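Peer 1: Below you will find the structure I want to go over with you.
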Amino acid sequence: MPCKAIAVANQKGGTGKTATTLSLGVALARRGRRVLLVDTDPQGDLTKSLGWADPDSIATTVATHIAAVIEGADEDPRAGILGHREGVDLMPANIELASLEMAVFMAMSRERILKTWAEPLRADYDYILFDCAPTLGIIPVNALVAADGVIIPVSAEYLPASGMAGLLKTVGRVRRQINPGLSVEGILVTLYDSRNNLARDVERAIREQYGAALRVFDTVVPRAVSAAESAAAGESVFSYDASGRAARAFADLAEEVDRRG
Ligand SMILES: Nc1ncnc2c1ncn2[C@@H]1O[C@H](COP(=O)(O)OP(=O)(O)OP(=O)(O)O)[C@@H](O)[C@H]1O
Ligand SMILES: [Mg+2]
């Protein structure tokens, strides 16, 4: 199968982007897919969630590759890829990425830098998932340019904010101006607590507001203690609590994503 690159993005903080990148990635690997996860958040949350507790001590990160592309240096795009015991590969990130932002901004073809690095890696993977920071800045835009699709995790704990409009506008602009192949892979309702009336209202509102024009995944990710605890333990919900609700949800999500191919 041709490689599919997906950006997991929402400029709103704490909507489950990192958890979705990690757990969807592991779920796809469990389906036999070759998966590369790319941390593009200087916080390094994805890197930490996979067990690298001190991202700032990692020498080769996505920032190394971005710097190499900007300088036109000859760097092996595979350098620094870490293997995780659950079958996914990781390109980590750390705080160095934050100090590179201005250089990216000043660079030639500043929106295409991540794509230039990631393109040769498509030969090695079935899926490349980019975990984005909660901004609409130049690095997430780079992820949208490098991607074929975007998954938008939305928290069921807040009414769908106007932020969604901003994100969809950015996706539209990237599509028109740089990456015509970019599609909205789907909106994903996360942090869903079925005992909470608001959560049900939020899910309904999202399906009503966006369901006609965009795919809203059938799968809803429940708020589950195991999901928060597994990240702290440096592993996925699958090795932490394989029979739990969160693991089941991400297995279902992987099926939905994989079905479309
Ligand atoms: N299904 C879940 N159930 C319970 N807690 C969760 C779940 N998913 C994520 N969390 C917790 O909620 C918090 C936010 O999740 P996460 O870090 O994935 O969001 P994010 O969108 O990546 O945040 P940021 O915008 O800061 O990058 C984290 O503490 C995480 O452990
Ligand atoms: Mg995150």
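Peer 1: Leaving out ligands, DNA and RNA, what percent of the accessible area of the chain is carbon and sulfur, probe 1.4 Å?
Peer 2: 50
Peer 1: Mind checking the per residue accessible area of the chain for me, 1.4 Å probe, whole number of Å²?
Peer 2: I get 43 Å² per residue for this part.
Peer 1: Same structure again: Taking the inverse of the average 1/r across all pairs of different Cα atoms in the range 1-146, what Kirkwood radius in Å do you get?
Peer 2: Kirkwood hydrodynamic radius for the range 1-146: 14.9 Å.
Peer 1: At q = 0.10, 0.13, 0.17 Å⁻¹, what is the log10 ratio I(q)/I(0) for the chain, with the Debye formula run over Cα points and no solvent?
Peer 2: -0.44, -0.77, -1.37
Peer 1: Could you work out how far apart the two model spin labels at residue 207 and residue 109 are, taking each label as a point 7 Å from the Cα in the direction of the beta carbon, and quote it in nm?
Peer 2: Taking the simple label geometry, residue 207 and residue 109 are separated by 4.3 nm.
Peer 1: Post the alpha-carbon centroid distance, the range 202-231 to the range 74-90, in whole angstrom.
Peer 2: Their Cα centres are 30 Å away from one another.
Peer 1: Mind listing the phi-derived Karplus ³J(HN,Hα) values for the range 224-234, rounded to whole Hz, using 6.51, -1.76 and 1.60 with θ = phi - 60°, and x for any glycine or proline?
Peer 2: Result, ordered by residue: 9, 4, 4, 5, 6, 5, 5, 4, 5, 8, x Hz.
Peer 1: Just add up the charged neighbours of residue 169: K/R +1, D/E -1, any other residue whose Cβ is under 12 Å from the Cβ of residue 169.
Peer 2: Around residue 169, the charge tally is +3.
Peer 1: Can you compute 3J(HN,Hα) from phi for each residue in the range 177-194, using the Karplus curve 6.51 cos²θ - 1.76 cosθ + 1.60 with θ = phi - 60°, rounded to whole Hz and x for Gly and Pro?
Peer 2: Along the range 177-194, the couplings run 9, 10, 10, x, x, 6, 10, 7, 5, x, 9, 10, 7, 10, 6, 8, 10, 5 Hz.
Peer 1: In whole Hz, with x marking every Gly and Pro, tabulate ³J(HN,Hα) for the range 140-145 from phi via Karplus 6.51 cos²θ - 1.76 cosθ + 1.60, θ = phi - 60°.
Peer 2: With the stated coefficients, the range 140-145 comes to x, 4, 4, 5, 5, 6 Hz.
Peer 1: With +1 on each Lys and Arg Cβ and -1 on each Asp and Glu Cβ, how big is the dipole of the chain about its Cα centre, in debye rounded to the nearest 20?
Peer 2: The dipole of the chain has a size of about 960 debye.
Peer 1: Taking a label point 7 Å from the Cα of residue 71 along the Cα→Cβ vector, which residues of the range 85-116 have an amide N closer than 20 Å to it?
Peer 2: Answer for the range 85-116: 92-116.
Peer 1: Another question, if that's okay. How far is helix 17-30 tilted off the main Cα axis of the chain, in degrees rounded to 10, range 0 to 90?
Peer 2: The helix 17-30 is inclined about 90 degrees to the chain.
The values are calculated or read from the model by the stated rules, or taken from the named source; none is laboratory data. Values in this document were obtained by computation on a predicted structure and should not be read as measured data. Glycine also receives a Cβ, built like all others from the backbone with ideal geometry; neighbour counts cover every protein chain displayed. The protein model used for the area step is the full one, side chains on, heavy atoms only, and it has no ligands, DNA or RNA in it. Shrake-Rupley method; radii C 1.70, N 1.55, O 1.52, S 1.80 Å.
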